[in-house]
Amino acid sequence: MEHSDSPGRPSAARSRLLGTATRLFYAEGIHSVGVDRIVAEAQVTRATLYRHFPGKEDLVLAYLADADRAVRGLVDGAVAGGSPAADTVRVISRAIAHGIRTADFRGCAFLNAVAEYPDPRHPVHQAVVEHRQWFLEAMTELLSRVRKTPAEPAARHFVMLRDGAMAAGCLHDPELVCETFLRGVDGLLQAHAQEQS
């Protein structure tokens, strides 16, 4: 349950808690960050934490929900640009590459989370699977505009290129990783379009 200072607005304490948890979970891992540290760094009481998030799992799910909204916003914004589908895929790819190039990049928040929650029945694992299914469907829809059917194999290929870039981006030279990723996306788009003819 979300508590607000005013209708429709999360409280400042909730925002600080979620912001602190997001920063720590992403940088250091979910299991390695305890509730006491989040409370201390957010400068709230433990009672305030539990008023907004009944348990750590609720905080983790809120962190992933925020990450999901950010990716959906990126995709929706690219689609709203009204460019041809192939160019929209390139816009999304460049945004992914931009994220990989940032100084605090630590890989994909969803892949990192699912590595810590391998049980498919766990709500965190399920949240990751739901996000990834949505992303696959969104890319399938875009690629179906490049070539009507079948677009899902190309979308799976795109998601795997993206996953590889996200994993490699925090291990190797981000510039080289992004160059390789974007070249791979261009090759995928060309191959997918040519299959129609």
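Each residue in the stretch 38-59 was checked for being in a helix (DSSP H, G or I) and touching a helix residue (DSSP H, G or I) at 6+ places or on another chain (Cβ under 7 Å), and 11 pass. Residues of the stretch 109-124 that are buried (at least 17 other Cβ atoms within 10 Å of the Cβ) and under 14 Å from E57 (Cβ atoms): A113, Y117, V124. All of G107, G164, G99, G169 fail the test of being on the phi > 0 side of the Ramachandran plot and either under 17 Å from the mean Cα position of the chain (by Cα) or among the charged types (D, E, K, R) (or both), apart from G107. In the stretch 86-103 there is no residue matching the filter, namely being touching a helix residue (DSSP H, G or I) at 6+ places or on another chain (Cβ under 6 Å), assigned to a helix (DSSP H, G or I) and among the acidic types (D, E). Which one is farthest from the chain's Cα centre (by Cα), of the residues in the stretch 35-57 that are farther than 12 Å from R16 by Cα and aliphatic (A, V, I, L, M)? Within the stretch 35-57, the match that is farthest from the chain's Cα centre (by Cα) is A47.
Can you tell me which residue among V185, V177, V146 is buried (at least 18 other Cβ atoms within 10 Å of the Cβ), over 25 Å from V60 (Cα atoms) and touching a Pro at 6+ places or on another chain (Cβ under 9 Å)?
V146
For the stretch 70-78, the criterion of being in contact with a Ser or Thr (Cβ under 6 Å, 6 or more places away or on another chain), more than 17 Å from V124 (Cα to Cα) and either without any contact (Cβ under 8 Å) to a residue 24 or more places away in the chain or open to solvent by 50 Å² or more (accessible area, probe 1.4 Å) (or both) is met by at least one residue.
The values are calculated or read from the model by the stated rules, or taken from the named source; none is laboratory data. A quick note: this is a predicted structure, and the numbers were derived from the prediction, not measured. Reconstructed Cβ throughout: ideal geometry from the backbone, glycine too, with neighbour counts over all protein chains shown. Surface accessibility is based on the protein's heavy atoms, side chains included, excluding ligands, DNA and RNA. Shrake-Rupley method; radii C 1.70, N 1.55, O 1.52, S 1.80 Å.
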